[in-house]
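For reference, the structure is listed below as structure tokens.
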Amino acid sequence: MTPRTARRTTRRWRARLRSARGVPVLVFLFALGAFGVLGHAPFFVQPALVVALVLLVWALDDACVNANPARAGFARAWAFASGQFLAGTFWVANAFLVSAGDHAWLIWAPLTLLPAGLALFWGMAGAAYARFAPRGPARVLVFAALFTAVEMARATVLSGFPWNLPGHVFAAGGEISQIASLIGASGLSALTLLAFSAPAALLGSGPVLKRGAPVIAGLALLGGAWVYGAARLANAEPDPSGLTVRVVQADIDQRDKRYENRAAILDHYLELSTAPGLEVVDALVWPEGAVPGFLLNDPPLLERIRDRLPRGLLLLTGVVRVEFDAAGQPTDYYNALAALRVGDEMTVDATYDKARLVPFGEGNPLRSLTRMFGFETLTAWSTGYTPGPGGRSLDVEGVSRFAPLICYEVVYPRHAPDGLDRPAWLLNISNDSWYGNSAGPRQHANQARYRALESGLPMARAASSGVSGLTDPYGRAVRVLGIEADQALDLALPKPLDETMYARHGEWPWVTGFILVLIAVGRVSSLGGARARAA
């Protein structure tokens, strides 16, 4: 296709979008948002998101001339984001099919309420854009600023849900992703929104250079990120730490993880764990929810572990931890990691309680409402877990200091401590078998690698029916097991890097400044254009 043909085709699509009204344009934008998700894991087709954002900008431009621009802008951005979040999180519905007899009737909730609720953030940005965005090329700067702001809000408000941020379209460990060591995945998302929406400014009137300025700026920012990343990765070979951990991934269907199967499941984990080479391993890691039931309160199962594993070995495993009152009645349940030492008796060296619970899966902020419909949570062991106090590092004999991240916690930046309590490595345990062989576990793995990159810490990951393995301090996957793997993998952990700029300062100062600069430049540019037209 020649440049002239491409311009004609673009103008033709632009005219069709401009003429669309009512429900048809909302349906188109819904499909467009879903199409843009191809930019994320496991596909990483970034041009899909470029096309989606450019067309969204044009649709919002048309909303500006509507009789009620704010309402039209909200509806269009909300429809786009609803498609985007449905395509990016539809796999959550799989969890409601694990105990289909109890929860299948609720499958509509993750397929409607979740994407529609998340889309409200984008709807608000769309309303603000349609109401206040300037004319001309500078409008894409305001677009990027507004949508960066609502993505930051989405990641924090009501405990936040920073899933599939725009910056996640770059696979962690690659050159462009390295900029996250300075500004985090949220900062990279700001650059992505600007660079990917900038081509929307090319179509219109005015000097070519002026229309192309946002594109040049966006490419310069991404190009600078690539140069920084290439330089950072040149000869990037972290030194070995001398610590070796064995992660075990068992391919067990979530439907089979029932209490009555706990002994057979434990035997399967022990069989995988005792593969040759265990004698040189410093710690053995089992994933979240490895053995159904209350392992710490089940002496026969603990004895079985003691009899099969070598004395002195450290076992780091996900457990359900229970606290009891004076009468021996359970009071609180925790989704936890336990550090178990194998000896003449099994001892608990340390525990960590998950602080960020999966809404409706592990905790229920709307229990008083959903109880009316017969729903508490998806967990089988209680009416919900109690959240732990927060992220922390564990000092356990035989391994260097580490910070546990249980499942969902790994999608939150800076959950692990920094400063004086900074660990030497991260340990992420997860139970991804709730979501089947879908995009979800692959998206989860990519986001987990960003935590290693942002912090400059290596990460060992054990995920049941997920992506297990080692991520180095640059966010690169060194050794991994696929989703359906059923084996143990020995990981020689590297040393951590020096504390990154992002780990010290976070994203708020940088991203806030970026938003203000974009709005200021956009405003000044629009005023300059208005004065030129008046003259």
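The values are calculated or read from the model by the stated rules, or taken from the named source; none is laboratory data. Everything numeric in this text was worked out from a predicted model, so none of it was measured. Note: ideal-geometry Cβ built from the backbone for every residue, glycine included; neighbour counts use all protein chains shown.
List of remarks:
- Residue count, segment 274-286 (criterion: assigned to a loop (DSSP other than H, G, I, E, B) and in contact with a strand residue (DSSP E or B) (Cβ under 7 Å, 6 or more places away or on another chain)): 5
- Residue 418 vs. criteria of a type in the set (D, E, K, R) and either touching a Phe, Trp or Tyr at 6+ places or on another chain (Cβ under 6 Å) or closer than 21 Å to residue 98 by Cβ (or both): no
- Checklist (1) among the small types (Gly, Ala, Ser); (2) buried (at least 21 other Cβ atoms within 10 Å of the Cβ); (3) in a strand (DSSP E or B) applied to residue 241, failing item: (2)
Listed here are the residues, each with its yes/no results for (1) on the phi < 0 side of the Ramachandran plot; (2) part of a helix (DSSP H, G or I).
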position: 184; (1), (2): no, yes
position: 189; (1), (2): yes, yes
position: 192; (1), (2): yes, yes
position: 196; (1), (2): yes, yes
position: 205; (1), (2): yes, no
position: 210; (1), (2): yes, yes
position: 215; (1), (2): yes, yes
position: 225; (1), (2): yes, yes
position: 232; (1), (2): yes, yes
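- In segment 23-50, the residues that are modelled with pLDDT of 95 or more, over 18 Å from the mean Cα position of the chain (by Cα) and surrounded by fewer than 17 Cβ atoms within 10 Å (Cβ to Cβ): 27, 31, 47
- Criterion (farther than 30 Å from residue 359 by Cα, in the same structural domain as residue 400 (by TED's automatic domain parsing) and not acidic (Asp, Glu)) met by exactly one of 215, 208, 245: 245
- Hits in segment 412-431 (condition: part of a loop (DSSP other than H, G, I, E, B) and not hydroxyl-bearing (Ser, Thr, Tyr)): 413, 414, 415, 416, 417, 418, 422, 423, 424
- A single entry from 171, 155, 201, 213 fulfils the requirement of being of a type in the set (A, V, I, L, M) and buried (at least 24 other Cβ atoms within 10 Å of the Cβ): 201.
- Set 409, 397: member being acidic (Asp, Glu), modelled with pLDDT of 60 or more and in a loop (DSSP other than H, G, I, E, B): 397
- Residue within segment 130-148 that is in a helix (DSSP H, G or I) and surrounded by fewer than 18 Cβ atoms within 10 Å (Cβ to Cβ) present: yes
- Residue 77 being modelled with pLDDT of 90 or more, over 18 Å from the mean Cα position of the chain (by Cα), in a helix (DSSP H, G or I) and not β-branched (Val, Ile, Thr): yes
- Reported count of residues in segment 48-74, each being part of a loop (DSSP other than H, G, I, E, B) and touching a residue at least 24 places away in the same chain (Cβ under 8 Å), is 2.
- Residue 377 being assigned to a loop (DSSP other than H, G, I, E, B), out of contact with any His (no Cβ under 7 Å at 6 or more places or on another chain) and either surrounded by 17 or more Cβ atoms within 10 Å (Cβ to Cβ) or modelled with pLDDT under 90 (or both): yes
- When segment 418-430 is limited to residues that are within 15 Å of the chain's Cα centre (by Cα) and touching a residue at least 60 places away in the same chain (Cβ under 8 Å), the one that is nearest to residue 504 (Cα to Cα) turns out to be 429.
- When the criteria are applied in full, residue 271 fails the requirement of being in a helix (DSSP H, G or I), exposed (fewer than 13 other Cβ atoms within 10 Å of the Cβ) and either among the polar types (S, T, N, Q) or not assigned by TED's automatic domain parsing to the domain that holds residue 167 (or both).
- Scanning segment 436-471 for residues that are buried (at least 24 other Cβ atoms within 10 Å of the Cβ), hydroxyl-bearing (Ser, Thr, Tyr) and more than 18 Å from residue 495 (Cβ to Cβ) returns 450, 464, 465, 468.
- Tally, over segment 438-467, of residues that are assigned to a helix (DSSP H, G or I), closer than 29 Å to residue 257 by Cβ and of a type outside the set (Phe, Trp, Tyr): 13
- Selection within segment 484-507 - within 18 Å of the chain's Cα centre (by Cα) and either surrounded by fewer than 21 Cβ atoms within 10 Å (Cβ to Cβ) or among the aromatic types (Phe, Trp, Tyr) (or both): 502, 506
- The residues in segment 468-504 that are in a loop (DSSP other than H, G, I, E, B) and in contact (Cβ under 8 Å) with a residue 40 or more places away in the chain can be counted, and the count is 15.
- Apart from one condition, residue 113 fits all of (1) under 22 Å from residue 154 (Cα atoms); (2) at pLDDT 95 or above; the exception is (2).
- Any hit, segment 255-268, residues being in the same structural domain as residue 453 (by TED's automatic domain parsing), in contact with a strand residue (DSSP E or B) (Cβ under 9 Å, 6 or more places away or on another chain) and over 23 Å from residue 282 (Cα atoms): yes
- Candidate set: segment 277-294, residues that are surrounded by 19 or more Cβ atoms within 10 Å (Cβ to Cβ), of a type outside the set (D, E, K, R) and within 20 Å of residue 434 (Cα to Cα); chosen: the one modelled with the lowest pLDDT: 289
- Failed item, numbered, when residue 434 is tested on (1) among the aromatic types (Phe, Trp, Tyr); (2) part of a loop (DSSP other than H, G, I, E, B); (3) modelled with pLDDT under 95: (2)
- Being in the same structural domain as residue 333 (by TED's automatic domain parsing) and within 18 Å of residue 462 (Cα to Cα) holds for only one residue in 300, 287, 276, and it is 287.
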